Amino acid sequence: MEYDEGMKVPGVHSYLHMAADPREHARQRLIVALDAPDVTSALALVDRLENTCAWFKVGLELFTASGPAAVEPLLAKGFSVFLDLKLHDIPNTVAGAVRSAAALGVKLLTIHASGGPAMLAAAREAVAGTANPPELLAVTVLTSMDETQLKSVGVHRSAANQVSLLAKMGLDAGIRGFVCSPLEVAELRQMTGPEGVLVIPGIRPAGGVVGDQKRIATPADALNQGASYLVVGRPITQADDPAKAAAAILDEMASAC
Ligand code: C5P
C-alpha cells in the first residue's frame, strides 16, 4: 500500500484521497461499528446515517450471522469496510482466512498479535500476494483483559508491558497496523512512527454516555495523541438521530484535525 509523501496525518492511507476540507478529512477517519444481529438491521442503520459516514466496521456478530452478504452491500454503496474478525489460528489457516477477506475487498482486517510471529508473518505474506491487500491490524491485549485475567492465562506482566511486547513483535513481523485503547495510542505512535496505522475504539464524545467502556477518550483527544482512525459504536448507533450524532462527532474531529 503506497503512502503519500506529503501526508501530514500519521497512518492515514493516501488511497483514501484525504480531502483538504477538514470535515471530509474527518469523515474519512471515522469508522462506525455496525454491531447488529443481521444484515437487514445493519443496512437500516446505514440508511439512517444518510451518508454522514464513509466507513463501517463489520464484527463477529454480524459476520457470523450474515457472512460476506454483510460486506457486499456496503461496498456496493461505496463505503469502506473494516472487517473485525480478530483472527487467531495456526499460520496456514489464518493465511487462508486473510486471503478470503482480501478477496471480499475490505480495507482493514484484524488478527490477534498473540497468535505469534509465525502467524503474523503468514498473514502478512498472504495479503502481500493479493490484488487489493487490506491493512492488517494486530490486536494486542483486549481491553477486557485486566491483570487478573492476564495472570490466569499465564501472563505475569502488566497489561501495558504486554501491549508493548506484542506491538514490538508485530512490528518485527512487518505489521504496522494496531488496534489499541486510547490509553495506549501515544505509546504505540512512538513505537510505530508516522507509518503506523492506529485504530482506536473506546471513543466517547465529551459529556456522552460511557456505557461499559472503561479506557475511553474523546474524539479530539484520541486524534491529538496520534490515532489514525476512530471506531465509534453506540454513541452513534443507539442515538435517537444517528446522523446527527455522527455529524457532531465529525465536527469535533474536524476541529481537532
Ligand atoms: O459501542 P462502542 O463505541 O463501545 O463500540 C466500540 C466497538 O469497538 C465495538 O464493536 C467493540 O467490539 C469494539 N472494540 C472495543 N474495544 C476494543 C476492541 C474493539 O470496544 N478493545
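We did not get these values from a lab; they are worked out from the coordinates using the rules stated. Here the structure is a predicted model, which is why all the values come from computation and not from measurement. Cβ sites come from the backbone with ideal geometry, for glycine too, and all protein chains shown count toward neighbours.
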Quiz item: Put a dot 7 Å past each Cα toward the Cβ at Asn92 and Met191; how far apart are the dots in nm?
Solution: 3.0 nm
Self-check item: Charge dipole (the chain, unit charges on Cβ, about Cα centre) - positive-most of Pro205, Ser114, Val153
Solution: Val153
Practice problem: Calculate for the chain the 222 nm mean residue ellipticity that helices alone would give, adding -39,500 (n - 2.57) per DSSP H run of length 4 or more and normalising by residue count, nearest 500 deg cm²/dmol. | Solution: -12500 deg cm²/dmol
Quiz prompt | R0 of 25 Å, Cβ-Cβ distance Arg48-Ser100: FRET efficiency to nearest 0.05 | solution = 0.25
Quiz item: Full extension from Arg23 to Thr40: what is 0.36 nm times the residue separation minus their Cα-Cα distance, to one decimal in nm?
Solution: 3.2 nm
Quiz item: Fewest to most neighbouring Cβ within 10 Å: what's the order for Glu61, Glu135, Glu195?
Solution: Glu195, Glu61, Glu135
Quiz prompt | lysines with Cα under 24 Å of Lys244, excluding same-chain neighbours fewer than 8 positions away | solution = Lys57, Lys77
Exercise. Using amide H atoms built 1.01 Å from N in the peptide plane, name the residues 5+ places from Leu137, or on other chains, whose amide H lies under 5 Å from its own.
Key: Leu109, Thr110, Ile111
Practice problem: Convert each backbone phi in segment 245-257 into a coupling constant with the Karplus relation 6.51 cos²θ - 1.76 cosθ + 1.60 (shift: θ = phi - 60°), then list the ³J(HN,Hα) values in order as whole Hz, x for Gly and Pro. | Solution: 4, 5, 4, 5, 5, 4, 4, 5, 5, 4, 6, 8, 5
Quiz item: Among rounded, prolate and oblate, which fits segment 22-256 when a ≥ b ≥ c are the square roots of the eigenvalues of its C-alpha gyration tensor, a/c under 1.5 means rounded, and a/b larger than b/c means prolate?
Solution: oblate
Quiz prompt | Packing-based ranking, highest mean first, of 221-232, 138-149, 108-119, 162-173 given that Cβ atoms within 10 Å are counted | solution = 221-232, 108-119, 162-173, 138-149
Self-check item: About the Cα centre, charge dipole magnitude for segment 22-256 (Lys/Arg +1, Asp/Glu -1 at Cβ), debye
Solution: 320 debye
Practice problem: Determine how many Å³ per residue the convex hull of the Cα atoms of segment 166-229 encloses. | Solution: 70 Å³
Self-check item: Backbone HN-Hα couplings from phi across segment 43-54 [Karplus 6.51/-1.76/1.60, Hz, Gly and Pro as x]
Solution: 6, 5, 5, 4, 4, 5, 7, 6, 6, 4, 10, 10
